[in-house]
Every structure is written in C-alpha cells, then in structure tokens.
Amino acid sequence: MAQQETDQRIDSGTSVAEPGDGFVVDTEDAEARELAYRERGTSRPITVVGNPVLHKECQDVTEFGDELAALIDDMFASQHTAEGVGLAANQIGVDRKVFIYDCPDDDGVRHVGVVCNPVLEELPPAERVLDDSNEGCLSVPTAYAALARPDYAVVRGQDAQGNPIRVKGTGYFARCLQHETDHLYGYLYIDRLSKRDRKDALRQMAENTPRYEVVPNA
Ligand SMILES: [Zn+2]
C-alpha cells in the first residue's frame, strides 16, 4: 500500500499488543528488523493494474524455507524503494500468498511483519466502525481515492517459518492489513470503488509518472 498523503509522525518502541493476548508482537525492534530484511534483499520493479498476476487469487505458501525467506527479503527491499507501507508478493510478480508491511497505526506506532496465507477475521457488526480515509496502492501509482473500510482489522495466517499467527491493526494499519489481504485474492482497492472513482484513479495514474520502476504491461 502507498503511504498516506499526509505526513504522519512515527514513534518507535511502545507495543500495543500485550504479551499473551495471542497477537504477534510486530512493534519491537521495527526499524532494525526492516533494515535487516531489505539489506539482504534486491529491489524489484512493481507490477501495475492490468498485469494478470494482480487479478487472480495467488497460490498458498506451502514451503517455509530459504526460497520464501529470500522472497520476503526482496519484498522489503522493493517496498522501501517504492516508499510503500505494505506489499503483496504478486506486486513483484510472484504468485504466492504472502504480504509484508511497515506501517504506522492509529497511535503512530510502527508495525513491521510478514503474513503468509492471510485470512481476515469477520468483525461483529457492532464493532465495525468505518473510516473513509484516502487509500493508495503501489500498483496504481500516484493515484489516491477515499474508500470506507473498518478502522480495526484482525488477520490470521502464518509467519515465515509456518507458525500460526494473528495480527491486529487500527487506523491506517487496519486499512493496510485489509488492502494487502485483498491483493492476494486478486483484488485492488480500486475494485472496491464506484465506477466513477475508479475511473478517476486510473486517470490520475495515466497523468503522472511513478517515482519507482514498474513492470510494463504487455
Ligand atoms: Zn496495493
């Protein structure tokens, strides 16, 4: 996912998740962990809307070995180059259900992590509060559009070693978890917009030049 249009201050350190609540702790050493991933990886160009790999469900991750670890390193390197806050494997052309994130939440706390085979948990209707902030995507370069989504999200899946994990997010990070999970099922955020807003997003993309390398569509 692309950065928010407005600048957001990022604190470091304080953890929202309390130990033992069943959620992965993804706030500790966020800066050092992100740096370690991307220093091992190689940045790759980003696929854009129209590339078939973005418009179908990706395959499940079944092998949690060196190949997956190398893919994750490349994803962090690519996300950094493109200045994103989240990236799905199909955004660098790889047909695997894995996404990464480096994203601030409602309190400005930075979250860094990896989710394989993600599934969004259904929220009870009473807990659904919609937030209609702007959203952007590295695969729809330079475009932004307002999109209503729940302001809290829980994703379950597996870490890079195959251990079961649950990740929870608020604010922009909640949006990120939903956006990246959508990618791995073949949906872009513009697929959730009205016809008119989708057209406007594609117009913004056509009129501007991305600040990072993209994979040309055939
Ligand atoms: Zn995206």
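The antiparallel fraction among DSSP beta bridges confined to segment 56-215 stands at about 95%.
Applied to segment 113-129, the Karplus parametrisation 6.51 cos²θ - 1.76 cosθ + 1.60 on θ = phi - 60° returns per-residue 3J(HN,Hα) values of x, 9, 10, 9, 6, x, 9, 6, 7, 5, 8, x, x, 5, 9, 7, 10 Hz, with x for Gly and Pro.
Over all other residues within a Cβ to Cβ distance under 9 Å of Leu184, the charged ones net out to -1, with Lys and Arg as +1 and Asp and Glu as -1.
Taking 14 Å as the straight-line reach from the Cα of Lys199, the aspartates and glutamates in range (excluding those fewer than 8 positions away in the same chain) are Asp191, Glu207. Per-residue packing, averaged as other Cβ atoms within 10 Å, sorts the ranges 122-129, 150-157, 135-142 into the order 135-142, 150-157, 122-129, beginning with the highest. Listed by chain and number, the lysines placed with their C-alpha closer than 27 angstrom to that of Lys195 are Lys56; residues fewer than eight positions away on the same chain are left out.
Within the straight-line cut-off of under 23 Å between alpha carbons, the lysines reachable from Lys168 are Lys97, sequence neighbours fewer than 8 places apart in one chain being disregarded. Each residue of segment 96-103 was assigned a 3J(HN,Hα) from its phi angle through the Karplus expression (A = 6.51, B = -1.76, C = 1.60, θ = phi - 60°), giving 9, 7, 8, 10, 10, 8, 8, 9 Hz with x at Gly and Pro. Only Cα sites of the chain enter the Debye sum here, all with the same form factor; the resulting log10 I(q)/I(0) across q = 0.08 1/Å is -0.25, listed in q order.
The dipole here belongs to the chain: it is taken about the Cα centre, uses +1 on the Cβ of Lys and Arg and -1 on the Cβ of Asp and Glu, and is about 860 debye. Highest-first packing order for the peptide set 167-173, 106-112, 29-35 is 167-173, 106-112, 29-35, based on the mean count of other beta carbon atoms within 10 Å.
Taking amide H positions as modeled 1.01 Å from N, with prolines and chain starts lacking one, the residues under 5 Å from Ala145 and 5 or more places away or on another chain are Glu135. A simple rule links phi to the HN-Hα coupling: the Karplus curve 6.51 cos²θ - 1.76 cosθ + 1.60 with θ = phi - 60°, which for segment 168-183 gives 10, x, 10, x, 5, 5, 4, 4, 4, 4, 6, 4, 6, 4, 3, 3 Hz, with x for Gly and Pro. For segment 177-215, backbone nitrogen atoms closer than 15 Å to the point 7 Å from Leu120 Cα along Cα-to-C-beta are found at 177-194.
No lab work stands behind these numbers, since they all come straight from the coordinates. Being a predicted model, the structure only gives us computed values, none of them experimental. Neighbour counts run over all protein chains shown; Cβ positions are idealised from the backbone, glycine included.
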